[in-house]
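Taking it in order: structure first as C-alpha cells, then the write-up.
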Amino acid sequence: MSDREHGCDVVISFDLDAEEVWIGEDPANAERPGTLSQGTYGPKVAVPLLLDLLRRLELPATFFVPGRVAERHPHRVEQILAAGHELGHHGWTHTSPLRLTPAQEEDELVRGLDMLTSLGGEVVGYRSPAWDFSPVTLDLLTRHGFRYSSNLMDDIRPYRHATHNIVELPVHWTLDDAPHFWFSLASWDRTIRTSAEVRALWEEEYAGCSCSRCTRRSSAAQVACGCSSRSCAGCATSPGHASRPHATSPRRSRSPLMRAVPPLRRRVSTHRRVSAGSAWCARAG
Ligand SMILES: [Zn+2]
C-alpha cells in the first residue's frame, strides 16, 4: 500500500506459521498438543481478528503461508484470499533451506506452490522459513516463476537482484514481532516485551525511512530535534545537513499506517509467528 502522506510505499505482511514452526523446530512437537496449541492460535483466533482489523482500516496485506498449514487450515487461507489479500509462499514445511539439499528445497517449493494455488492463490512472492537462502534459492525462484523475495536484510528499500530477475523486499528482525514476543519452554531467558516497546521500535524504523527534514534515507533510530519535529540523526546533530525545511510534526500528521499500529497488539497479533514484520518503506521521488 502507499502512504502518500509520508511518501512511502509500505508492505504489511504476516507469516502464518501455525503448528508448522513448532514441528519444524522439533518433529517431536507433533506429539505435544500443548506446544502445538501455540501455533493453532494463529489460524484459530488471530487470523480472523487480523482480517477484521485490516477490513476496518481498509489495509491490504500479504500472508506468507507454509503449504502444510494451508493443507491443515484451507478455510482460513480461503478467507484470506476472499478478503482480497495476497498469498505468499513460506515453504511446504517450515524448514530452513539451509537444512535441505537442493532437490529437497525444490520439492518444498513445488509442493507449497501446488497447495497454495490449489486454493486459488496467485503466488509470486517467497519468504523463506527463517528468512534464509541457500546457494540455489534464487535459481529455484526464477525457475518456478516467482517475481519477488522478502528475505534479505541488506537494504531498507526494494531492489532487483543483480543476477536474477527477482525483486527483493528487504526485512529485518526489528520489524518482526516474533523476536520481541516469541517464547518457548526451551528458552526461558527470552524476555517478552510490552506492546508499547515494540510499537516504539516500529515507529522509529518507519520514521527513519522518511526523515521530515532531508532527503537522506536512514534506518538509524530517530531523535527528536529542538523544534519538536523529528529528523534523522544527521539532521539533528548537524543542521547544515538538512536540505529542505521542517515538515509538519509527525504527531499531527500520523499516517493511516501509524494509526493502524496501535491495534496490532498482543491480543490481536498471533505472536506465534504471524509476523507483522517485513514492513519496508521507500521514499518516493
Ligand atoms: Zn515462518
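Only the coordinates and a few stated rules stand behind these numbers; no lab work does. Quick caveat: nothing in here was measured; it's all calculated off a predicted structure. Please note: Cβ atoms are built from the backbone with ideal geometry, for glycine as well, and neighbour counts cover all protein chains shown.
Using label points projected 7 Å from each Cα along Cα→Cβ, tell me how many nm separate residue 37 and residue 167, to one decimal.
Label at residue 37, label at residue 167, 4.3 nm between them.
Normalising by the residue count of segment 1-143, find the relative contact order in percent from Cα pairs under 8 Å and 6+ residues apart.
Taking the mean separation of contacting Cα pairs over the length of segment 1-143, I get 22 percent.
Would you please put 11-23, 89-101, 165-177, 27-39 in order of how densely packed they are, using the mean number of other Cβ atoms within 10 angstrom per residue and starting with the highest?
11-23, 89-101, 165-177, 27-39
What does the charge dipole of segment 61-191 about its Cα centre add up to, to the nearest 20 debye, if the Cβ of each Lys and Arg holds +1 and the Cβ of each Asp and Glu holds -1?
For segment 61-191, the charge dipole is close to 120 debye.
Taking H placed 1.01 Å from N in the peptide plane, check which residues at least 5 places from residue 17 or on another chain put their amide H under 5 Å from its amide H.
Here the answer is 274, since their amide H atoms fall under 5 Å of that of residue 17.
Relative to the present Cα-Cα distance, how much length would full extension add between residue 193 and residue 101 at 0.36 nm per residue of separation?
29.5 nm
Tell me, what is the FRET efficiency for residue 153 and residue 117 to the nearest 0.05, using R0 = 35 angstrom and their Cβ-Cβ distance as r?
0.75
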